[in-house]
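Chemist: Take a look at this one; I'll ask things after.
The values are calculated or read from the model by the stated rules, or taken from the named source; none is laboratory data. Everything numeric in this text was worked out from a predicted model, so none of it was measured. We place every Cβ from the backbone using ideal geometry, glycine too, and count neighbours over all the protein chains shown.
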Amino acid sequence: MQISVIITTYNRPAALVRVLDGLRHQIRLPDEVIVADDGSSPGTAASIERFLKVSPFPLYHVWHADRGFRAAAIRNKAIRKSVGEYIVSLDGDCIPEKHFISDHRTLAQRRFFFQGKRILIDKARSESFNFSDTDTFFKTIRLLFQSGVGNRHHLIWFPFFPALASRSLSGIRSCNMGFFRDDIFAVNGFNENFHGWGREDAELAVRLFNYGLKRKSHPFMAACFHLWHTENDRSRLMINDDLLGDCKESKAIRCINGLIQD
């Protein structure tokens with residue numbers, strides 16, 4: 001099964017390169033990586049060009065003009081370019097643990113989408129944190145006992161623990177999600193009516209539930225390390241909450257302003 005990874009980024013090339021480096025050192029490489037660039041300045045493109053020289057996987061860069069936070073639209077643009085049967089959504093400040101792609105592959109299951117976990121790295125540690133801080137068992141164990149690490153229980157890789165199924169919206173985050181290509185096209189992708197931070201991932205999950213899917217999660221597999229960043233502008237959150245509420249009430253499956261726009 002081919003796996004496409006879509007990395008959403010905006011003007012944080014140093015973090016993006018660390019995410020790409022984490023993907024480069026996976027025990028199972030992705031089949032392609034597409035950087036979904038929400039309007040970054042040229043420094044991001046330059047960093048991607050430099051990484052191409054060492055990239056062990058096909059790497060593409062899709063971009064649109066900076067007109068505010070439009071993660072839904074740029075993710076859709078990247079999804080349209082992708083070819084994988086299974087798509088993993090990852091943020092450009094989330095460094096994948098070395099089993100990340102292999103775990104997504106193992107946990108992929110028809111009639112489910114997968115919600116991954118994140119380990120939170122604080123501001124001080126995020127300045128230098130990279131994949132090499134987690135690439136051995138002993139380094140990972142050491143992190144368990146160090147300061148500046150949140151959600152540290154997800155550090156433990158334990159694939160023998162059973163996966164969990166639910167229809168809960170709690171903890172839905174597109175910084176680490178996986179879904180089959182057929183399913184994301186069936187609901188017409190992310191809703192591009194969402195502008196500004198918040199709720200576009202929850203609204204997608206509601207439509208996937210309405211389509212008949214369940215959510216799958218695992219506390220000890222497919223984790224990523226989320227680097228600290230300043231809080232995003234939340235001035236449109238009430239508007240986005242209303243969009244989410246409308247979707248719940250209407251029980252919609254497809255959004256109109258999505259992957260395919262008639």
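Chemist: What are the pairs, 6+ residues apart or on separate chains, where a residue within the range 131-148 that is under 18 Å from ARG24 (Cβ atoms) and in contact (Cβ under 8 Å) with a residue 60 or more places away in the chain has its Cβ under 6 Å from a residue that is among the β-branched types (Val, Ile, Thr) and not in a helix (DSSP H, G or I)?
Modeler: Close Cβ pairs satisfying both conditions: PHE131/ILE95.
Chemist: Taking SER47 as the residue in question, decide whether it is touching a Leu at 6+ places or on another chain (Cβ under 7 Å), without any contact (Cβ under 8 Å) to a residue 60 or more places away in the chain, of a type in the set (Ser, Thr, Tyr) and within 25 Å of LYS123 (Cβ to Cβ).
Modeler: Criteria met by SER47.
Chemist: Would you check which residues across the range 59-109 are touching a strand residue (DSSP E or B) at 6+ places or on another chain (Cβ under 7 Å), without any contact (Cβ under 8 Å) to a residue 40 or more places away in the chain and either hydrophobic (A, V, I, L, M, F, W, C) or under 20 Å from PHE179 (Cβ atoms) (or both) and list them?
Modeler: Let us first name the residues in the range 59-109 that are touching a strand residue (DSSP E or B) at 6+ places or on another chain (Cβ under 7 Å), namely 59-63, 71, 74-75, 77-79, 81-97, 100-101, 104-105, 107-109.
In the following step, the residues that additionally are without any contact (Cβ under 8 Å) to a residue 40 or more places away in the chain were identified as 59-63.
LEU59, TYR60, VAL62, TRP63 - these are the residues of the range 59-109 that are touching a strand residue (DSSP E or B) at 6+ places or on another chain (Cβ under 7 Å), without any contact (Cβ under 8 Å) to a residue 40 or more places away in the chain and either hydrophobic (A, V, I, L, M, F, W, C) or under 20 Å from PHE179 (Cβ atoms) (or both).
Chemist: Condition test on GLU200, is it closer than 30 Å to ASP135 by Cα, acidic (Asp, Glu), under 18 Å from the mean Cα position of the chain (by Cα) and modelled with pLDDT under 95?
Modeler: Judged against the criteria, GLU200 is not a match.
Chemist: Got a sec? Which of VAL17, VAL83 is in contact with a Ser or Thr (Cβ under 7 Å, 6 or more places away or on another chain), β-branched (Val, Ile, Thr) and more than 30 Å from ARG110 (Cβ to Cβ)? Step through it out loud before you land on a result.
Modeler: Values: VAL83 fails: more than 30 Å from ARG110 (Cβ to Cβ).
One residue alone meets the criteria, VAL17.
Chemist: Give the number of residues within the range 128-157 that are in a helix (DSSP H, G or I) and either under 21 Å from the mean Cα position of the chain (by Cα) or aliphatic (A, V, I, L, M) (or both).
Modeler: So the answer is 10.
Chemist: If LEU59 satisfies every condition in (1) of a type in the set (A, V, I, L, M); (2) surrounded by fewer than 24 Cβ atoms within 10 Å (Cβ to Cβ); (3) within 21 Å of LEU204 (Cβ to Cβ) but one, which is the exception?
Modeler: Going through the list (1) of a type in the set (A, V, I, L, M); (2) surrounded by fewer than 24 Cβ atoms within 10 Å (Cβ to Cβ); (3) within 21 Å of LEU204 (Cβ to Cβ), LEU59 breaks only (3).
Chemist: Consider ARG24 against the criteria (1) out of contact with any helix residue (DSSP H, G or I) (no Cβ under 9 Å at 6 or more places or on another chain); (2) crowded, with 17+ Cβ neighbours inside 10 Å: it satisfies all of them except one. Which criterion is unmet?
Modeler: (1)
Chemist: May I ask you to list the residues in the range 19-44 that are in contact with a Gly (Cβ under 7 Å, 6 or more places away or on another chain) and closer than 23 Å to ILE121 by Cα?
Modeler: Once the filter is applied, which keeps residues that are in contact with a Gly (Cβ under 7 Å, 6 or more places away or on another chain) and closer than 23 Å to ILE121 by Cα, the range 19-44 yields only VAL19.
Chemist: Out of the residues in the range 71-88 meeting the condition of being under 18 Å from GLY39 (Cβ atoms) and not aliphatic (A, V, I, L, M), tell me which one is surrounded by the most Cβ atoms within 10 Å (Cβ to Cβ).
Modeler: ARG75
Chemist: Sticking with this one: Just the residues that are crowded, with 17+ Cβ neighbours inside 10 Å and part of a helix (DSSP H, G or I), please, taken from the range 111-127. Talk me through it step by step, then tell me what you get.
Modeler: To start, the set of residues in the range 111-127 that are crowded, with 17+ Cβ neighbours inside 10 Å comprises 112-119, 121, 125-126.
Result: ARG125, SER126.
Chemist: So, one more: Name the residue that is surrounded by the most Cβ atoms within 10 Å (Cβ to Cβ), counting only residues in the range 149-159 that are on the phi < 0 side of the Ramachandran plot and free of Cβ contacts under 8 Å to residues at least 60 places away in the same chain.
Modeler: Out of the qualifying residues, it is VAL149.
Chemist: Quick check, is LEU144 buried (at least 18 other Cβ atoms within 10 Å of the Cβ) and either modelled with pLDDT under 90 or out of contact with any Pro (no Cβ under 6 Å at 6 or more places or on another chain) (or both)? Break it down stepwise before answering.
Modeler: Numbers: buried (at least 18 other Cβ atoms within 10 Å of the Cβ): no; either modelled with pLDDT under 90 or out of contact with any Pro (no Cβ under 6 Å at 6 or more places or on another chain) (or both): yes.
Spelling it out, it is not the case that LEU144 is buried (at least 18 other Cβ atoms within 10 Å of the Cβ) and either modelled with pLDDT under 90 or out of contact with any Pro (no Cβ under 6 Å at 6 or more places or on another chain) (or both).
Chemist: Would you be able to tell me the number of residues in the range 92-110 that are in a helix (DSSP H, G or I), closer than 17 Å to CYS175 by Cβ and not charged (D, E, K, R)?
Modeler: Counting residues in the range 92-110 that are in a helix (DSSP H, G or I), closer than 17 Å to CYS175 by Cβ and not charged (D, E, K, R) gives 4.
Chemist: While we're here: Residue under question is PHE160, and the condition is that it be assigned to a loop (DSSP other than H, G, I, E, B) and either over 22 Å from ALA252 (Cα atoms) or not hydrophobic (A, V, I, L, M, F, W, C) (or both); does it hold?
Modeler: Details: assigned to a loop (DSSP other than H, G, I, E, B): yes; either over 22 Å from ALA252 (Cα atoms) or not hydrophobic (A, V, I, L, M, F, W, C) (or both): yes.
Against the criterion (assigned to a loop (DSSP other than H, G, I, E, B) and either over 22 Å from ALA252 (Cα atoms) or not hydrophobic (A, V, I, L, M, F, W, C) (or both)), PHE160 qualifies.
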